[in-house]
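Student: Got a structure for you, questions after.
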Amino acid sequence: MSQPAAAKRLILIVDDDQLLLEFLGEILRHAGYETALANSAEVALQMVAQREPDLALLDIHMPGMSGLELAKRLHGETGVPFMFLSGSGDSESGKQAAAYGAVGYVVKPVDEGRLMPAFEAGLARADEIRQLRRTELNLNAALAAGRETSLAVGLLMGKFQTDRNTAFEVLRDHARSSRRKINEIASQLLLAEETLNGLHGAFLNRAKTK
C-alpha cells in the first residue's frame, strides 16, 4: 500500500505587480511549493484567515495597505513568518526588514538564481522560530502542570550549567525514549538527588568521627 504524499508547503506571495506575482508563483511552484497569490494586503489577510501559509513573501511598497503595515498585522495577529520584497539591497533595507521581524528579504529585480537561495534560507529560519515557539509552549505547559517537572528542570540547569529550554528538552526526550511520562522521570530524578544528598551527609558525618 502506497504512502500518502506529504503536503506541500504553502507560500503566500503578495505584490501589486501582477506580472511579478505570477512570475514568483511559477518559480516556487516549479520548486515544489504550493502558492497563494494576492495582489493587495487586504486580499492577503482574507487568505490568511482561511489558511495560514508556512511563509509569506511581501512587497514593501503597495497601494493601500503597505507591505510593512501587513507585516505588522501578521506579526501581531498570526503566527505567519514573512520575508520582504525590496527594491534596494543596501544594509539599511536589511536592518528595516529585521526590525519588522522578517526572516529575510529578496531584492528586486528578482531572478530565480537569487530568489531560491534567499527564499530557502528564510524558510529555514521560519522553521527554527516556529520550533522555538513550540518548545516554549510545551515547556510552559509542562512546568505549569507539575511541580516535580519544574524542580527537575531547575536541577538539570544547575547540574549542567544549561538554559531552561535545553534542560526541559533533554528531560522530555529521555521520557519519550523510555516511554514514560515526563513527571515520572522528574520525580525519579528528584528522588535520586535527595538520596545522593543524604549519602553525602552520611559521608561527612563518617569523616568527622574518624
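Student: Step through the residues of the stretch 81-87 one at a time and calculate ³J(HN,Hα) from phi using the Karplus curve (6.51 cos²θ - 1.76 cosθ + 1.60, θ = phi - 60°), rounding each to whole Hz and writing x for Gly and Pro.
Tutor: Karplus values, whole Hz, x for Gly and Pro: x, 8, 10, 10, 9, 10, x.
Student: If each of H30 and F203 carries a label point 7 Å out from its Cα toward its Cβ, how far apart are those two points in nm?
Tutor: Taking the simple label geometry, H30 and F203 are separated by 6.8 nm.
Student: First compute the accessible area of the stretch 8-109 with a 1.4 Å probe, then give the percent of it belonging to carbon and sulfur atoms. Don't skip to the answer; put the middle values down first.
Tutor: Working: 2530 of 4880 Å².
Using a 1.4 Å probe with all protein chains present, the stretch 8-109 comes out at 52 percent carbon and sulfur.
Student: Still on this model: For V107, which sequence-distant residues (separation of 5 or more, or a different chain) have an amide H within less than 5 Å of its own amide H, given hydrogens modelled in the peptide plane?
Tutor: S86
Student: So, one more: Just by accessible area at a 1.4 angstrom probe, what is the order of D59, D163 from largest to smallest?
Tutor: Numbers: D59 5, D163 75 Å².
The ranking, largest first, comes out as D163, D59.
Student: Hey, what's the stretch 8-109 come to in accessible area per residue, 1.4 Å probe, Å²?
Tutor: Details: 4880 Å² over 102 residues.
Per residue, the stretch 8-109 has 48 Å² of solvent-accessible surface.
Student: Continuing with the same structure: Send over a whole-number figure in Å² for the accessible area per residue of the stretch 141-206, probe 1.4 Å.
Tutor: On the way: 4610 Å² over 66 residues.
With all protein chains present, the stretch 141-206 gives 70 Å² per residue.
Student: Taking a ≥ b ≥ c as the square roots of the eigenvalues of the Cα gyration tensor of the stretch 8-109, is the shape rounded (a/c under 1.5), prolate (a/b larger than b/c) or oblate? Walk me through the numbers before you get to the answer.
Tutor: Numbers: a/c = 1.40, a/b = 1.15, b/c = 1.22.
It comes out rounded by the Cα gyration axes.
Student: Using each residue's phi in the stretch 154-165, evaluate 6.51 cos²θ - 1.76 cosθ + 1.60 at θ = phi - 60° and report the 3J(HN,Hα) Karplus result to the nearest Hz, with x for Gly and Pro.
Tutor: 3J(HN,Hα) across the stretch 154-165, in whole Hz: x, 4, 5, 4, x, 5, 10, 6, 10, 8, 5, 4.
Student: What residues have an amide H closer than 5 Å to that of I60, excluding those fewer than 5 places away on the same chain, when H is modeled at 1.01 Å from N in the peptide plane?
Tutor: Those lying under 5 Å, H to H, from I60 are L85.
The values are calculated or read from the model by the stated rules, or taken from the named source; none is laboratory data. It should be emphasised that the depicted structure is a prediction, and the values quoted were computed from it without experimental measurement. When we count neighbours, we look across all protein chains shown, and the Cβ atoms used for this are built from the backbone with ideal geometry, even at glycine. When the accessible area is computed, the model is the full protein with side chains, heavy atoms only, and any ligands, DNA or RNA have been set aside. Shrake-Rupley method; radii C 1.70, N 1.55, O 1.52, S 1.80 Å.
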